There are 2 protein chains.
Amino acid sequence: MDFSEWYTNILKEAGLVDIRYNVKGFLVVLPWAMKTIKLIYRFYEEELEKEGHLPTKFPVVIPESNLRKEEEHVKGFEGEVFWITKAGFNQLEERLVLRPTSETAMYPLFALWIQGKKDLPLRVYQSGEVWRYETKATRPFIRVREIMWIETHDAFATEKEMMEQVERDVRIAERVIWEGCGVPFAVFQRPQWDKFAGADNTFAADTIMPDGKVLQIATTHALGQNFSRVFNIKYMDDDGSEKYVWQTCYGPGISRIYASLISIHGDEKGLVLPFSLAPFQVVVVPVYKSENKKIIDEYAKKLLSSLEGFRVHYDTSEKTPGFKYNYWEMKGVPIRIEIGEREVESEKVVLVRRDTREKRMVELKDVRAKVEEMAERMFLDMKERARKRFDSLIHEAETMKEMEKRLGAGGFVRVPFCSIDIDGKGCYEKIKERMHAEVRGVKFPYEEKPKNKKCIVCGKTANHFVYVARQY
Amino acid sequence: MDFSEWYTNILKEAGLVDIRYNVKGFLVVLPWAMKTIKLIYRFYEEELEKEGHLPTKFPVVIPESNLRKEEEHVKGFEGEVFWITKAGFNQLEERLVLRPTSETAMYPLFALWIQGKKDLPLRVYQSGEVWRYETKATRPFIRVREIMWIETHDAFATEKEMMEQVERDVRIAERVIWEGCGVPFAVFQRPQWDKFAGADNTFAADTIMPDGKVLQIATTHALGQNFSRVFNIKYMDDDGSEKYVWQTCYGPGISRIYASLISIHGDEKGLVLPFSLAPFQVVVVPVYKSENKKIIDEYAKKLLSSLEGFRVHYDTSEKTPGFKYNYWEMKGVPIRIEIGEREVESEKVVLVRRDTREKRMVELKDVRAKVEEMAERMFLDMKERARKRFDSLIHEAETMKEMEKRLGAGGFVRVPFCSIDIDGKGCYEKIKERMHAEVRGVKFPYEEKPKNKKCIVCGKTANHFVYVARQY
């Protein structure tokens, strides 16, 4: 089955979204997805707080005049915002936009909060949604008009501290997206023609979806002093002079991280969820006959009490065991426990691992430890498989022809390239036009520099290795 | 200091909100408030999930046609919604509203989800915000245009189950708002002239603010079959006939619960926060001289490690100890620990309780247990004080004159009243006009019935005891 079909099916079969809401690009997120998404949010928030980010909440509406302050920024977003023009029976004096991102909501206040060096660094975040009137085809969690994400906004005294934060953001992504969700990614500094509207530079994490196309799942923007100059965010330095702050903003896309998580680990039987993020971590399926139902239920009680604290579901519905096995495998429950008469008699249970469907008979008294062990082993294996596949999809090429061929295999092709500054845009456009692929930028934080290589397009000296890929 | 002044001051002094955002009625919630608000959300979500509610997320935009389906509902909200009329450079074909509440977003999908009895009861919730173009004066957390809340929406096969859910919602409120936040409240069935637009009946929890005015903090609406009829939400019953479901929706107002929490427990020195909801639960203040700074810092390390898992702040800023004591008392940190040379020498620490400012010298080795003990005792006392005050503000009256006098003392006045059906509205309007007070309804779930009493307004037979109060 091809990925697109698999994805469409699983969204429906596993009860992840309902796409029948009557506004285009707006989804109803169903409980089986929402539970995992809430756990990802919580995990990200904890990591951000450990790094000194404080929780805030800014309004969802932004006055038009705020949005218009930074010229590049408004150009980047004007065509894709929702406009509120009326409230109750009144026309609004000033139109409002539903925030497409919150720089222009937050920074007027940053100007009030930051006075001296003691107010720096400032690090805040908010969890929530942003809205973009996306004109491309929408696809649940991947490209939507209502985007679930987290925004962090930080301000620093120096450019150096700003760049250190960019690296810190990469490490937070590593802890949550890679270590926590098992989604591998690479981080690139984007070319100048592909940066965030109003930023000096954009750094982005890309993962590879099962169809070989790459998906951007988190970005940090080094805003430099562009916003601090227009919003007048200054501090008094030790030498008595006023200086503009250096800013970053960071947006892990929770919707897209979820999309990657389910797509990368899923298999032909359905979802495969990491133990820590599964709505039910364990499902217990009794194998009844009518004469032993009671003793098995009794036994289940003991089992459930020894698994207390985990999210366990005891499936006593009328369906056959076989139906239940398939159903919960499709939903991605990491561990299934089967109990029948034989298990009751021997004081054992059967553990089944979702990904490999490996079975283990374990003593009831050891079940908790064995579940933990299996969960851990399973997640390690899931990560290893994902990493191997990711690494196998990083190719190299030095000619256009070769690049085209490698692109067909999916993933990234590393090629020598003239410039990621605006003067390289012509070469990028040729790649775009001939191969429908994007230049994702140079590796970050450690750029690989070519020696004596020629740009794959124009043949001039190559200053960079860039990664080319077809994108979502 | 009067309450209004206290409230305005504490919002600013303790860094709870910034009211300088340039859209009226929209607040910036600052970290010291947002942390507690997130904890209240989490607490509520856990309790709702225990009661079988599943997390979902519905779009923030609702098409105009959905809103117009239920006649009473649209009348109730049309004058107070924000209208989205344009997206990017395009006029929208159908206008959208920013949801003022989510019935008309959710119920078209409920009609698709519910087919047979096996789909019932349906219990879902979402956490988030709603927006109302409030025309009265706004006040942070109490009356705002961007409201933080949770919505639960439930559907049942029978009216009886619907009413059982209303009672269950009251118990959830008791666990979170009363037991968890220490905010006392009473629940009333609202009169017919004061119910939710489109509901059969509204049941609401009211607390009493320090100025004696009452504040509605959570409501459950028994929607009956009003919405199921217009949105065609039916199930096939065992007898083969199609029946409309019975529905409830429940909206605990997280913004208002937070407002009550800080107002009811606060004192003349500032906030007093329950241990479980405080951003910092413990602050450690070192009492240094320059010659012993090092040994005190060393000692603090031991102390901090024995308090691991709590939210502890070690205040090493340059301020004087006295300044720090006042500052953290104002912020409402439940427990302060003082350490100076004397404490280091005797291997002890001084614990100070925020509410009573009672001091205790305890052994370092016992500090964890003693902090827990003090935290628990403090919260019990906070609850007891709040409950006593609440109970002391429930008065009785049988004449208009007496009622007016009692209303002056704040809180509720219980009076005999003719009818909470629409035929009692005339009597209510007299109370409203003469005393600027509201009829909050009859006690729920156990209504107190008057015997041989006359309505306090019209003198006809009193069918109810109603509670009258001045409201926010």
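Give, rounded to the nearest 20 debye, the magnitude of the charge dipole that chain B has about its Cα centre when Lys and Arg contribute +1 at Cβ and Asp and Glu contribute -1 at Cβ.
1080 debye
Could you work out the mean projected area of the convex hull around the alpha carbons of region B:378-457, in square nanometres to one decimal?
6.4 nm²
Other chains' Cβ within 10 Å of A:58-64 residues: what's the mean?
The per-residue average across the peptide is 6.
What aspartates and glutamates could a cross-link reach from A:Lys324, if we take a straight Cα to Cα line under 19 Å and drop same-chain neighbours fewer than 8 places away?
Reachable aspartates and glutamates: A:Glu13, A:Asp267, A:Glu268, A:Asp297, A:Asp315, A:Glu338, A:Glu341, A:Glu343, A:Asp355, A:Glu358, B:Asp119.
In square nanometres, what is one fourth of the surface area of the convex hull spanned by the alpha carbons of region B:349-424?
That works out to 7.7 nm², a quarter of the Cα hull's surface.
Can you give the Rg to Rh ratio of region A:3-265, both from alpha-carbon atoms, with Rh computed by the Kirkwood formula?
Over the Cα atoms of region A:3-265, Rg/Rh equals 0.98.
Which chymotrypsin sites (Phe, Trp or Tyr not before Pro) in region B:1-89 pass both tests, a DSSP loop state and at most 13 other beta-carbon atoms within 10 Å?
B:Phe89
Where Rh is the Kirkwood radius over the Cα pairs of region B:34-121, the temperature 25 °C and the viscosity 0.890 mPa s, what D in µm²/s does Stokes-Einstein return?
Value of D from the Cα-based Kirkwood radius: 157 µm²/s.
Using only the Cα atoms of region B:124-254, each taken as one equal point scatterer with no solvent, compute I(q) by the Debye sum, divide by I(0), and report log10 of the ratio at q = 0.13, 0.16, 0.21 Å⁻¹.
Debye intensities relative to I(0), on a log10 scale: -0.60, -0.87, -1.35.
Can you give the percent of C-alpha pairs in chain A whose distance is more than 36 Å?
39 percent
Tally Lys and Arg at +1 and Asp and Glu at -1 over the other residues with C-beta under 13 Å from the C-beta of A:Lys294: what net charge comes out?
Cβ neighbours under 13 Å give a net charge of -1.
If one takes the longest principal axis of the Cα atoms in chain B, at what angle in degrees, from 0 to 90 and to the nearest 10, does the Cα axis of helix B:3-13 lie?
Approximately 60 degrees, to the nearest 10.
Would you kindly work out, in nm and rounded to one decimal, the distances from the label point of B:Lys117 to those of the same position in each other copy, ordered shortest first, with label points 7 Å along Cα-to-Cβ?
Distances between equivalent label points, in nm: 7.5.
For the ranges B:54-65, A:396-407, what's the packing order if you count other beta-carbon atoms within 10 Å of each residue, average per peptide, and put the highest first?
B:54-65, A:396-407
Taking B:Ile422 in one copy and the same position in all the others, each labelled 7 Å out along Cα→Cβ, what are the pairwise distances from the first, in nm, shortest first?
From this label point to the equivalent ones elsewhere in the assembly: 6.8 nm.
Starting at 0 and stepping by 10 Å, how many percent of the alpha carbon pairs of region B:118-201 end up in each bin?
13, 34, 42, 10, 1
Testing the spin-label approximation: label points 7 Å from Cα along Cα→Cβ at A:Arg357 and B:Lys425. State their distance in nm.
The modelled label-to-label distance comes out at 6.5 nm.
Work out the length of the dipole vector of the protein assembly as shown about its Cα centre, built from +1 on the beta-carbon of each Lys and Arg and -1 on the beta-carbon of each Asp and Glu, and round it to the nearest 20 debye.
340 debye
Would you calculate a helix-derived [θ] at 222 nm for the protein assembly as shown, using -39,500 (n - 2.57) for each DSSP H run of n ≥ 4 and dividing by the full residue count, to the nearest 500?
The per-residue figure over the protein assembly as shown is -10500 deg cm²/dmol.
Which of the listed residues, B:Met403, A:Phe231, A:Leu351, is farthest toward the dipole's positive end in the protein assembly as shown, when Lys, Arg count +1 and Asp, Glu count -1 at the beta-carbon?
A:Phe231
Would you tell me the mean number of C-beta atoms belonging to other protein chains that fall within 10 Å of each C-beta in A:102-114, as a whole number?
2
Largest first and to the nearest Å, give the Cα extent of region B:275-377 along each principal axis.
Here the Cα extents, ordered largest to smallest, are 36, 28, 23 Å.
Quick one: with label points 7 Å out along Cα→Cβ, list the inter-copy distances for B:Glu71 in nm, shortest first?
Nearest first, the other copies' label points are 5.7 nm away.
Rounded to the nearest 10 degrees, what's the angle between the helix B:321-331 long axis and the longest principal axis of chain B, both from Cα atoms, 0 to 90?
With rounding to tens, the tilt is 10 degrees.
Across the protein assembly as shown, what fraction of all alpha-carbon pairs, as a whole percent, falls in each successive 20 Å bin from zero upward?
For the protein assembly as shown, the binned pair fractions read 12, 40, 37, 10, 1, 0 percent.
Where does region B:172-211 land on Rg/Rh, using Cα atoms and the Kirkwood Rh?
A ratio of 1.07.
What residues of region B:259-288 lie in the reach of a label at B:Lys302, counting those whose backbone N is under 19 Å from a point 7 Å from the Cα along Cα→Cβ?
B:284-288, by backbone N distance to the label point.
I need B:Val283, A:Val245, A:Val74 ordered by Cβ neighbour count within 10 Å, fewest first.
A:Val74, B:Val283, A:Val245
Tell me the angle of helix B:103-113 to the major Cα principal axis of chain B, expressed in degrees between 0 and 90 and rounded to the nearest ten.
Tilt of helix B:103-113: around 70 degrees.
With the dipole of region B:3-265 worked out from charges on the C-beta (+1 for Lys and Arg, -1 for Asp and Glu) around the Cα centre, which of B:Asn22, B:Leu54, B:Pro184 lies farthest toward the positive end?
Sorting the options by dipole projection puts first B:Asn22.
Read-outs: derived from the displayed coordinates by stated rules, not from any lab. What you are looking at is a predicted structure, and each value in this text was computed from that prediction instead of being measured. With ideal geometry, Cβ positions are generated from the backbone for all residues, glycine too; neighbour counts draw on all protein chains shown.
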